[in-house]
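K.L.:
First the structure, then my questions, so here it is.
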Amino acid sequence: MIDCDVHHNFTSIKELSPWLEPTWRQYLDRGGYSGYSLPNYPWVHPSGFLMGDAAPPNGGIAGSDYDTMRSQLLDRWNAEYVVLNGEDILNVSCIPNHHFGRALARAYNRWTLETWLPQDDRLRASMVVDVEDPDGAVADIREFAQHPGVVQVLLPTGARRAYGDPFYHPVFEAAAEAGLPVAMHAGADGLGTNPPPTGAGYPRFYIEYHTLICSGAMAHLVSLLCSGLFERVPDLRLAVVETGVAWLPGVLWRLDANWKALRAEVPWVKTLPSETVQRQVRFTTQPLEQPANGTNLRKLLSAVDGMENMLMFATDYPHWDVDVATLVERRLPPEWSSKVMGENARSFYGLPVRDTEKAPA
Amino acid sequence: VNPAATGESVRVLREHELPPGGRRVVHALESTVALVNVGGRIFAFAERCPHAGGPLVHGRVSGAPLPTEREEYVWGREGRVLTCPWHGWQFDLESGRALFDSRVAVATYQVHVRDGWIEVSRR
């Protein structure tokens, strides 16, 4: 299998210090009251966001230790590749000081590429940018895209505006030009300088936030489709990550129907939105919805043309709501397995076929 | 002889019954046909929208923003765009094709004005 959403992490953000200029190193060491912490969720999972058994035996936070990840994920599930998406680093773009946000993003990218990727040929990395600093993000994309281990540009679903806004277009254009997809990962919604995560404001409870984890992605996807960016930049590809998938049929049906009646408002959108999605957008499966009768999920997803080509497997390791490969395969139509569990991601990220029987142990 | 099958023209209205701005529905060629006179040019088309059966004879005739390559509005096709009154699907009056997808269309008819009569025939 190819796992499109894995969260490696540093136990302390100070681990990024070697890749930071003194100005920012000081922020980490002495900033605020006792050193800097990235903006974090105001919602609390009562028993923790992380898998109960994923903490490394020698200390540190879940996701921070390669050997633990290797035994629990890479080897145990015979992974062909996994895409490393980091953890709270996704939140750099909701820090008000974008000089600092960009510096952290760059340091994180170097930390991932220099300390994680050399450990295992199965690891691939998303590069992080501070999307609220588009000029800086464009420069960073051009630089880090040169690294063969970088497979995509990672943005959070929490942002000051919807991603179809021309303010962000240079970031998407630069990714396409560099041959990288953009991934939009649930997170940073309602944090720092970002607006509330739902149209009804801030949820009171984590259970609400997590149930509505798709809401930001829905808004950004519709915004991007209505901006015409996919048509103007045919090489642009987007992965929507960690938002579940059962919302997709409804949104596509509504947008297609509305576009037929309202195209005069967006005359630069010349293709049926669902066809654009089929061509240029992919969705990771986790957290895959779990109706009481699994047949209903298969029916719902099968109702969208080409869905079997649009889904890419993801575990979300080491988060509490991890999806394991065997359960996901069982919940989807059996004939979709080879595509969803590997082929779609291999093709989307341009990964060479690997004989997993001979994968390093 | 069945004009609906042969493509022959049939008289449907006297010319003066459909002045500029006028709209009429007639039964001809085994169909219900809407006719509109847009500034002296007469268009004829099936009266029901292929989407949800909206009464196209009540549709507004206007132009529409043309397809563009970037985010800008360029008005065009003035007097050639029919908007269904029910859900807003728009059709080119000449071809009958929906503006959003040329594979979707409302049937249109050829119109001739001869000897004071408006005639329609199948395309």
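K.L.:
Do the sum for chain A: with -39,500 (n - 2.57) for every DSSP H run of n ≥ 4, divided by all residues, what is the mean residue ellipticity at 222 nm, to the nearest 500 deg cm²/dmol?
P.N.:
Numbers: 14 runs with 119 residues, N = 361.
Calculated mean residue ellipticity at 222 nm is -9000 deg cm²/dmol.
K.L.:
Could you work out the relative contact order of chain B, using alpha carbon pairs under 8 angstrom and six or more residues apart, expressed as a whole percent?
P.N.:
Over chain B, the number comes to 26 percent.
K.L.:
Evaluate the charge dipole of the range B:1-95 about its Cα centre and quote only its size in Debye, nearest 20, assuming +1 on the Cβ of each Lys and Arg and -1 on the Cβ of each Asp and Glu. Intermediate values should be presented prior to the final figure.
P.N.:
Details: 10 positive and 11 negative charges, 58 e Å.
That gives a dipole near 280 debye.
K.L.:
Sticking with this one: For the peptides A:272-279, A:285-292, A:25-32, A:99-106, what is the packing order when you average, over each peptide's residues, the other Cβ atoms within 10 Å and list the highest mean first? Write out the running numbers ahead of the final one.
P.N.:
Working: A:272-279: 19.6, A:285-292: 17.2, A:25-32: 14.9, A:99-106: 23.1.
Packing order, densest peptide first, comes out as A:99-106, A:272-279, A:285-292, A:25-32.
K.L.:
Next question. Students often check this: by mean Cβ neighbours within 10 Å, which of B:97-104, A:127-134 ranks highest, and how do the rest follow?
P.N.:
On the way: B:97-104: 16.4, A:127-134: 25.8.
Packing proxy ranking, top to bottom: A:127-134, B:97-104.
K.L.:
Right, next: State, to one decimal in nm, how far the label point of A:ASN293 lies from the label point of A:ASP121, with both points 7 Å from Cα in the Cβ direction.
P.N.:
4.8
K.L.:
Let me ask something additional. So if I take the alpha carbon set of the range A:220-345, get Rg, then get Rh from the Kirkwood formula, what is the Rg over Rh ratio?
P.N.:
Details: Rg = 15.2 Å, Rh = 15.3 Å.
Checking Rg against Rh, the ratio lands at 0.99.
K.L.:
So, one more: In whole percent, what relative contact order does the range A:237-282 give with Cα contacts below 8 Å and a gap of six or more residues?
P.N.:
Details: 21 pairs, mean separation 29.2, N = 46.
Relative contact order for the range A:237-282 comes out at 64 percent.
K.L.:
When ligands, DNA and RNA are left out and all protein chains stay put, how many square angstrom of accessible area per residue does chain B have with a 1.4 Å probe?
P.N.:
Numbers: 6430 Å² over 123 residues.
I get 52 Å² per residue for chain B.
K.L.:
On to the next question. How much of the accessible area of the range A:202-276, in percent, comes from carbon and sulfur atoms when a 1.4 Å probe is used?
P.N.:
Details: 1770 of 2900 Å².
About 61 percent, which is the carbon plus sulfur part of the accessible surface.
K.L.:
Which listed residue (A:LEU252, A:PRO156, A:TYR317) has the Cα farthest towards the positive end of the charge dipole for chain A, taking +1 on Lys and Arg C-beta and -1 on Asp and Glu C-beta about the Cα centre?
P.N.:
Positive-most Cα among the choices belongs to A:LEU252.
K.L.:
May I pose another question? Rg to Rh for the range B:61-123: what is it, with Cα atoms only and Rh by Kirkwood? Mind dumping the intermediate values first?
P.N.:
Working: Rg = 14.2 Å, Rh = 13.2 Å.
Across the range B:61-123, the Cα-based Rg/Rh ratio is 1.07.
K.L.:
Could you tell me which of rounded, prolate or oblate describes the range B:16-88, using a ≥ b ≥ c as the square roots of the eigenvalues of the alpha-carbon gyration tensor, with rounded for a/c under 1.5 and, failing that, prolate when a/b is larger than b/c and oblate otherwise? Before the final figure, lay out the partial values.
P.N.:
Values: a/c = 2.91, a/b = 1.58, b/c = 1.84.
Oblate shape, in that a/c is at least 1.5 and b/c is the bigger or equal ratio.
K.L.:
Report the residue, chosen from A:PRO156, A:PRO148, A:PRO197, that carries the largest GNM mean-square fluctuation when chain A is represented by alpha-carbon nodes joined by springs under 10 Å.
P.N.:
A:PRO148
K.L.:
A further question follows. Which of the residues in the range A:266-289 show a loss of at least 20 Å² in accessible area from their chain by itself to the complete set of protein chains, at a probe of 1.4 Å?
P.N.:
SASA drop of 20 Å² or more in the range A:266-289: A:PRO267, A:TRP268, A:LYS270, A:GLU275.
K.L.:
So between A:THR356 and A:ASP305, what do we pick up on full extension, going 0.36 nm a residue minus the alpha carbon distance? Walk me through the intermediate numbers first.
P.N.:
Working: separation 51, 0.36 × 51 = 18.36 nm, distance 3.04 nm.
Full extension from A:THR356 to A:ASP305 adds 15.3 nm.
K.L.:
Next question, about the same structure. Taking the Cα centre of chain A as the origin and placing charges on Cβ (Lys, Arg +1; Asp, Glu -1), which of A:ILE207, A:ALA105, A:GLY228 is farthest toward the positive end of the dipole?
P.N.:
About the Cα centre, the residue reaching furthest to the positive side is A:GLY228.
K.L.:
Calculate the spin-label point distance for B:ALA107 paired with A:ARG142, positioning each point 7 Å from the Cα along the beta-carbon direction, and give it in nanometres.
P.N.:
Modelled inter-label distance: 5.9 nm.
K.L.:
List nothing, just return the count: lysine pairs in the protein assembly as shown, 8 or more apart or interchain, with Cα separation under 30 Å.
P.N.:
Values: A:LYS260/A:LYS270; A:LYS260/A:LYS299; A:LYS270/A:LYS299; A:LYS270/A:LYS339; A:LYS299/A:LYS339; A:LYS339/A:LYS358.
Counting lysine pairs in the protein assembly as shown gives 6.
K.L.:
Separate question: Over the range A:69-108, give the accessible area per residue in Å² for a 1.4 Å probe, as an integer. Don't jump to the answer; show the numbers that get you there.
P.N.:
Details: 1150 Å² over 40 residues.
Here the residues of the range A:69-108 average 29 Å² of exposed surface.
K.L.:
Another question about this same structure. Can you run the Rg to Rh ratio on the range A:145-264? Use alpha carbon positions and the Kirkwood inverse-distance Rh. All intermediate terms of the calculation are to be shown ahead of the outcome.
P.N.:
Numbers: Rg = 15.0 Å, Rh = 15.3 Å.
The Rg/Rh ratio comes out at 0.98.
K.L.:
Now for a separate question. For the protein assembly as shown, what does the convex hull of the Cα positions come to per residue, in cubic angstrom?
P.N.:
Value for the protein assembly as shown: 174 Å³ per residue.
K.L.:
A follow-up question, please. What residue among A:GLY31, A:CYS94, A:ALA79 has its Cα farthest toward the positive end of the dipole of the range A:1-109, where the charges are +1 on Lys, Arg and -1 on Asp, Glu, each on the Cβ?
P.N.:
Towards the positive end, the residue furthest out is A:GLY31.
K.L.:
Let me ask another. Can you pull the mean other chain C-beta count within 10 Å for peptide A:252-262?
P.N.:
Working: counts 0, 0, 0, 0, 1, 2, 2, 2, 10, 9, 4.
Counting Cβ atoms of other protein chains within 10 Å of each residue's Cβ and averaging gives 3.
K.L.:
Distance from the Cα centre of the range A:306-361 to that of the range B:53-103, in angstrom?
P.N.:
The two parts, judged by their Cα centres, are 44 Å apart.
K.L.:
I would also like to ask the following. When ranked by the protection proxy of mean other Cβ atoms within 10 Å per residue, highest first, what sequence do the peptides A:83-93, A:49-59 form? Don't jump to the answer; show the numbers that get you there.
P.N.:
Details: A:83-93: 24.8, A:49-59: 14.3.
Result, highest mean first: A:83-93, A:49-59.
K.L.:
Further question on the same structure: How big is the gap, in Å, between the Cα center of the range A:88-165 and the Cα center of the range A:171-236?
P.N.:
The range A:88-165 and the range A:171-236 have Cα centres spaced 15 Å from each other.
K.L.:
Quick one: grab the alpha carbon gyration tensor of the range A:32-134, order the square roots of its eigenvalues as a ≥ b ≥ c, and give me rounded if a/c is under 1.5, else prolate or oblate depending on whether a/b is larger than b/c. Provide the component values of the computation, followed by the final result.
P.N.:
Working: a/c = 2.16, a/b = 1.37, b/c = 1.58.
Oblate shape, in that a/c is at least 1.5 and b/c is the bigger or equal ratio.
K.L.:
Which whole number of Å³ per residue matches the convex hull of the alpha-carbon atoms in the range B:1-51? Walk me through the intermediate numbers first.
P.N.:
Working: hull volume 4.5 nm³, N = 51.
In the range B:1-51, the Cα convex hull volume per residue is 88 Å³.
K.L.:
Mind checking the dipole of the range A:214-260: about its Cα centre, +1 per Lys or Arg Cβ, -1 per Asp or Glu Cβ, Debye to the nearest 20? Could you put the intermediate results ahead of the total?
P.N.:
Numbers: 4 positive and 4 negative charges, 25 e Å.
That gives the range A:214-260 a dipole magnitude of about 120 debye.
K.L.:
What is the calculated FRET efficiency for A:ASP29 to A:THR326, with r their C-beta to C-beta distance and R₀ = 60 Å, to the nearest 0.05? All intermediate terms of the calculation are to be shown ahead of the outcome.
P.N.:
Numbers: r = 45 Å, r/R0 = 0.75.
Using R0 = 60 Å, I get an efficiency of 0.85.
K.L.:
Also: Per residue, what volume in Å³ does the convex hull of the Cα atoms of the range A:211-292 enclose?
P.N.:
On the way: hull volume 7.2 nm³, N = 82.
Dividing the Cα hull volume of the range A:211-292 by its residue count gives 88 Å³.
K.L.:
Based on the Kirkwood radius over alpha-carbon pairs, what is the Stokes-Einstein translational diffusion coefficient of the range A:282-353 at 25 °C with 0.890 mPa s viscosity, in µm²/s?
P.N.:
Working: Rh = 12.5 Å.
Stokes-Einstein gives a translational diffusion coefficient of 196 µm²/s.
K.L.:
If you don't mind, there's one more thing I want to ask. For chain B, report the translational diffusion coefficient in µm²/s to the nearest whole number, using Stokes-Einstein at 25 °C, 0.890 mPa s, and a Kirkwood Rh over Cα pairs. Numbers along the way, then the final one.
P.N.:
Details: Rh = 14.9 Å.
So the translational diffusion coefficient is about 165 µm²/s.
K.L.:
Then there's this: Is the shape of the range A:204-258 rounded, prolate or oblate, going by the alpha carbon gyration tensor and its root eigenvalues a ≥ b ≥ c, with a/c under 1.5 for rounded and a/b larger than b/c for prolate?
P.N.:
Numbers: a/c = 2.53, a/b = 1.80, b/c = 1.41.
Here the range A:204-258 falls in the prolate category.
K.L.:
Just how far, in whole angstrom, is the range A:64-81 from the range A:25-62 if you go by their alpha carbon centroids?
P.N.:
22
K.L.:
A further question follows. Quick check for me: using +1 on Lys/Arg Cβ and -1 on Asp/Glu Cβ, what's the dipole size of the protein assembly as shown about its Cα centre, in debye to the nearest 20?
P.N.:
Working: 45 positive and 57 negative charges, 336 e Å.
The calculation lands at about 1620 debye.
K.L.:
Please compute one quarter of the surface area of the Cα convex hull for the range A:1-84 and express it in square nanometres. Walk me through the numbers before you get to the answer.
P.N.:
Working: hull surface 29.2 nm².
About 7.3 nm², averaged over all directions.
The values are calculated or read from the model by the stated rules, or taken from the named source; none is laboratory data. Given the structure is predicted, the values throughout are model-derived calculations rather than measurements. Neighbour counts run over all protein chains shown; Cβ positions are idealised from the backbone, glycine included. SASA here: full protein model, heavy atoms, side chains in, ligands and nucleic acids out. Shrake-Rupley method; radii C 1.70, N 1.55, O 1.52, S 1.80 Å.
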